[in-house]
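Any read-out appearing in this document is the output of simple, stated calculations on the displayed coordinates, not a laboratory observation. Since the model is a prediction, treat every value here as computed from it, not as a measurement. Note that we place each Cβ from the backbone using ideal geometry, even for glycine, and neighbour counts take in every protein chain shown.
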Amino acid sequence: MGNHLTMELQRIILPWSRIEKPVLTNRIKKIYGAKSSLRVKLFAGFIGLSLILSISLGYTLYKVSNSIYYKSFLQHNKSLGVSIASGIDGEVFQAFINEKSIELPEFKRYLNYMRSVAANEEFITWIYSVVVDKKAEKLIYAIDATPIPEDTIWVENQFIGLRVYINRHGQLSVFWDSTERTSDFQIEYKQRVFNIEIDSSTDELKINNSRILKVINRSPFVAEAEKGIISKESPKQTVGLSSEGMMIPVSLTFASKNSPSSIPGWEFIETVELTNKIKSSIHTCTFHMQNEPEQLAYGTFIIVIAPIHKNSSECIGAILFSVSTLDIKQFNNTMAMAGTTITLVALIITSIVSYMLSIYFTDPLHKLSQAVDELSSGNMETNVIIDSKDEFGFLSEKFNEMVVNLKKAYKEKESLAALRHELNVAKKIQTSILPKFIPNLQNLDIAVNYYPMAQIGGDYYDFHVVDKNKIGIFIADVSGHGIPAAIIASMLKIAFSIQSAFADDPARLLSRINKSMLHNVGTNFITASYIYLDLETNTMTHAKAGHPSIYIHSSDTDEVREFNQKGKILGQFPEINSEIVEVSIKKGDRIVLYTDGIIEARNSNEEMFGEELLIGYIRKHNLMKPADFAKLVMNDVKSWIGNTISNHSDDVTLMVIDIK
């Protein structure tokens, strides 16, 4: 497909290739001899390099663009085939097996659907569907949506397929291989040769000197064949054709203009290879499309076969369309001309630039070289002055700008170090405010797993231990990152610690914390969740403020209960109106609290970890110890984030409490 580009490149390269090697070697030595000036050496070198680069650029552009376009071309047609097939109901489709099917509303709807697809796809030549006739073990037409604007006689067998009609100029025409033909042509298929003769003077169509039909009326289209008239009233006939010393049957079928090209129930006639591929595709319910064009009875096409499902395990037919390669050929020709043009333009431009550079490259180059040496030795005050307004004067200005930018970069490096220091400070603050130990109560097993991400956030958790059977558990998430979030978390720690008197009243505790933090968090805010466990009465009291749900898993029923009552965020509203809920708990229950860094963790496809996946973990791994379970979930969240972990700015905290 790259003949145009190859011919142009040969025209450029061939004169050089004819020069004998010793002569070429002597010419190069003469150019680069001691007597040659630097200007000549540079010019000759740049010209040679420009020639190589220009040719490489043009050829690479051609090959890459062709490959990308061809792949997208194939993918588009594959998607189109699957889309059409999936839009057809197999139960309805299997009824399209006779001429009466044409009157069915479903047939008309699918016919119009397929025709609309063909109208929007310029290079689909044929589009039709077939169904398997299980009794006769053959393929028959179902819906043929190929548009035929003229009365047509199909001339077809397993080697050739021709569409014969009278064109808009009144000429006897044959349509084959996506091309209308009004003069003689030849078809070769598997060492068989078919000479197609179109005699305009007698309105006869001959194949291998045998008359196939003669036009006896143009409108309506009527022709005479070996066994009589073929027309709308007598639409089908079979004649014999001599080929390679044997007689082969040729089917003649009449189709009226603007009607289906083939009537449902007509036998599908094509090459043996294509027929077998279609049967195999339907039998195995697998999509088929060759990556390269293949010659079929009606020309050379990329054939798309998309099976139509009757149910999930059985297919009863297939959508087929033949895609012309004219689009690819036109694109290749365009890119070949573009590649050749780019090659020549690039060669001319680079030759001119090479000549200019060879003139001005001596003295300015020496100055620039010295400046580069000074800069590489660490002299950040290096400056180069070239008193000219040409390219080297511009280059000297850019060099000086580069030195200034290097100074700025050095300062930015220092600023980056300061930012890293700020993050380290924030991390230390965040670490210092978290509890050093997890409370150890006889009837509770508590595990907490906290993992800070790329930017230090404001996750915080803490406890109010009332006695050996009563405990309040607090988890919160401060918006924002860095030192501001860490400082707010420190304030939150103080606000929580002074509320021990209200440990048994979650709603009141959160309300008092809110009043402490109100107007002290700027544009930041805090979400929080608090539970109070009383193991004497086996109850849990819970309230939250804009925080994600908590979950309780019951080991005896494997039920996961979600608690997501109302409550506004902390630090922004005078009243948060937290709803309080009290539930019974028992031995074997597991309570799970977390910050949104878990459920909002995203993978490389921007998919969130989500609440459903977390609930699945809770139910699936309910027999794990809390510490092991928390570690498993945390590791899987980090695996979910994967290579994007450096961009995940939210901390991740998971708290698991088992009732023993």
How far is the Cα center of the range 548-590 from the Cα center of the range 220-272, in Å?
-> 77 Å
Per-peptide average of other Cβ atoms within 10 Å, ordering 394-404, 250-260, 434-444, 163-173 highest first = 250-260, 163-173, 394-404, 434-444
Could you calculate, for the range 196-306, the ratio of the Cα radius of gyration to the Kirkwood radius, expressed as Rg to Rh?
-> 1.02
Relative to the compact-globule scaling 2.2 N^0.38 Å, provide the ratio for the alpha-carbon radius of gyration of the range 509-621.
-> 1.20
Any idea what angle helix 363-376 forms with the longest principal axis of the chain, computed on alpha-carbon atoms, 0 to 90 degrees, nearest 10?
-> 40 degrees
Please compute the net charge surrounding PHE175, taking Lys and Arg as +1 and Asp and Glu as -1 over other residues with Cβ under 9 Å from its Cβ.
-> 0
Kindly provide the helix-only [θ] at 222 nm of the chain, computed as the sum of -39,500 (n - 2.57) over DSSP H runs of four or more divided by all residues, to the nearest 500 deg cm²/dmol?
-> -13500 deg cm²/dmol
With each pseudo-label sitting 7 Å past Cα toward Cβ, what's the LYS515-ASN635 distance in nm, one decimal?
-> 4.7 nm
Stretched out fully, how many nm does the piece from LYS587 to SER200 gain, at 0.36 nm a residue minus the Cα gap?
-> 129.6 nm
What shape does the range 567-657 have by the C-alpha gyration tensor, where a ≥ b ≥ c are the square roots of the eigenvalues, rounded means a/c under 1.5, and otherwise prolate means a/b greater than b/c and oblate the rest?
-> oblate
Mind putting a number on the dipole of the chain about its Cα centre? Charges go on the C-beta only, +1 for Lys and Arg and -1 for Asp and Glu, and I need it in Debye to the nearest 20.
-> 1700 debye
On a 0 to 90° scale, report how tilted helix 38-86 is relative to the longest principal axis of the chain, with both axes built from alpha carbons and the result rounded to the nearest 10.
-> 90 degrees
Hey, what do the phi angles of the range 127-134 turn into as Karplus ³J(HN,Hα) couplings, whole Hz, using 6.51/-1.76/1.60 and θ = phi - 60°, x for Gly and Pro?
-> 9, 7, 9, 10, 10, 7, 8, 5
For the chain, averaging the sequence separation of alpha carbon pairs under 8 Å that lie six or more residues apart and dividing by its residue count, the contact order in percent is 11 percent
Once both axes come from the Cα atoms, what is the angle between helix 21-31 and the longest principal axis of the chain, in degrees from 0 to 90, rounded to 10?
-> 50 degrees
Listed residue pairs exceeding 19 Å between alpha carbons, taken from LYS586/LYS660; LYS135/LYS190; LYS134/LYS277; LYS41/LYS389 = LYS135/LYS190; LYS41/LYS389
Charge sum, other residues only, whose C-beta stays under 11 Å from ARG218's C-beta, Lys/Arg counted +1 and Asp/Glu -1 = -3
Loop sites in the range 527-632: trypsin sites (Lys or Arg not before Pro), DSSP, at most 11 other Cβ within 10 Å = LYS586
Inverse mean reciprocal Cα-Cα distance (Kirkwood Rh) of the range 425-564, Å = 15.9 Å
Pull out a ≥ b ≥ c, the square roots of the eigenvalues of the alpha-carbon gyration tensor of the chain, then state rounded if a/c is under 1.5, prolate if not and a/b is larger than b/c, and oblate in the remaining case.
-> oblate
Can you pull out the GluC sites (Glu not before Pro) in the range 119-155 that DSSP calls coil and that have at most 14 other Cβ atoms within 10 Å?
-> GLU122, GLU137
Cut-off 12 Å between beta-carbons: net charge of the residues surrounding PHE629, Lys and Arg +1, Asp and Glu -1 = +1
